[in-house]
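Notes to accompany the following structure.
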Amino acid sequence: MERLPIELPDLEPGWVWLAGAGPGDPGLVPLLALHALRQADVVIHDALVSEDILKLARPECDLEYAGKRGGRPSPRQADISHRLVQLARAGKRVLRLKGGDPFVFGRGGEEALALVEAGVPFRIVPGISSGIGGLAYAGIPVTHRDVNSAVTFITGHDLTGEVPVRLDWDALARGAAVLVLCMAMRHRDRIAERLIAGGRAPDEAVAIVSKAATPDQRVLETTLARAADDAAAQGIEPPCLVVIGGVVALRAGLDWLGALGGRVLKADPLGTRHGRAAG
């Protein structure tokens with residue numbers, strides 16, 4: 001790695017670094033995570049960490065897959081945490097690499113607490129959450145002053161794999177103007193029904209972003225009532241982000257990836273420029 005004009009902490013033997021790899025593009029990997037990739041003896045990585053990112057690891061590094069994908073056989077969380085402790089106690093320099101950010105629906109907190117219980121030293125390296133960075137690659141900001149002053153991030157399933165029953169869906173429907181759902185494709189029809197029953201408009205704008213910030217990214221713009229059927233008809237595959245609310249309209253002006261392919265962007269997609277109050 002080219003020498004930097006700053007000093008970065010080393011990944012020491014017996015330590016575990018819990019790091020986020022960002023939403024997909026290798027260029028979005030945090031500098032500290034890249035530094036750890038160049039030093040780690042073992043990288044335990046999730047399914048959403050791409051091969052291009054793993055190529056950044058030093059050649060002598062062992063790569064261990066610990067991905068969890070809905071509906072498929074996956075390692076148990078307890079086994080992953082045990083493996084981290086086992087490797088650290090063996091004196092290995094361990095990098096636990098997760099897609100997005102380890103503390104945003106990433107179970108990083110669970111793994112860190114397991115390390116605390118075992119007396120294993122660790123460092124947290126935040127990453128760009130897919131719920132923010134992935135949507136930015138689709139040209140959709142999670143906040144815009146003409147649309148919303150709050151955003152709510154929601155997981156599409158609970159520990160049982162079902163729609164989270166402890167969430168107050170009526171309150172969510174009435175709350176923030178913008179909702180961002182992760183891991184929601186499996187229950188997208190039931191979630192839409194609950195939000196509409198709670199007061200969201202059936203024709204409210206929705207964008208489904210598949211494989212965000214990767215070369216295979218696809219974006220479907222639809223409505224809340226039609227989202228489930230349209231996603232099935234278009235063959236949209238997970239991993240997906242679902243964003244509900246007025247910020248979806250901003251994609252007409254901010255789809256910078258589309259612009260690279262020739263899409264003509266709208267300078268004022270919300271039609272608010274001339275009506276906006278000064279200040």
Quiz prompt | Of the criteria (1) in contact with a helix residue (DSSP H, G or I) (Cβ under 8 Å, 6 or more places away or on another chain); (2) within 16 Å of Glu111 (Cβ to Cβ); (3) of a type in the set (A, V, I, L, M), which one Val29 fails | solution = (2)
Quiz item: Taking the stretch 156-186, which residues are under 14 Å from the mean Cα position of the chain (by Cα) and either in a loop (DSSP other than H, G, I, E, B) or loosely packed, with under 14 Cβ neighbours inside 10 Å (or both)?
Solution: Gly156, Met183, Ala184
Practice problem: Return yes when Ile196 is in a helix (DSSP H, G or I) and among the β-branched types (Val, Ile, Thr) and no when it is not. | Solution: yes
Quiz prompt | Selection count, the stretch 199-224, where residues are in a strand (DSSP E or B) and closer than 20 Å to Ile132 by Cα | solution = 11
Quiz item: For the stretch 22-51, which residues satisfy the criterion of being more than 20 Å from Leu4 (Cα to Cα), touching a residue at least 60 places away in the same chain (Cβ under 8 Å) and buried (at least 24 other Cβ atoms within 10 Å of the Cβ)?
Solution: Gly22, Pro23, Gly24
Quiz item: Say we look at the stretch 159-194 and pick out the residues that are β-branched (Val, Ile, Thr) and either in contact with a Cys (Cβ under 9 Å, 6 or more places away or on another chain) or farther than 14 Å from Val206 by Cβ (or both); which of these is modelled with the highest pLDDT?
Solution: Val163
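The values are calculated or read from the model by the stated rules, or taken from the named source; none is laboratory data. Since the structure is predicted, the reported quantities are computational estimates derived from the model, not experimental observations. Every residue, glycine as well, gets a Cβ built from its backbone with ideal geometry; the counts of neighbours run over all protein chains shown.
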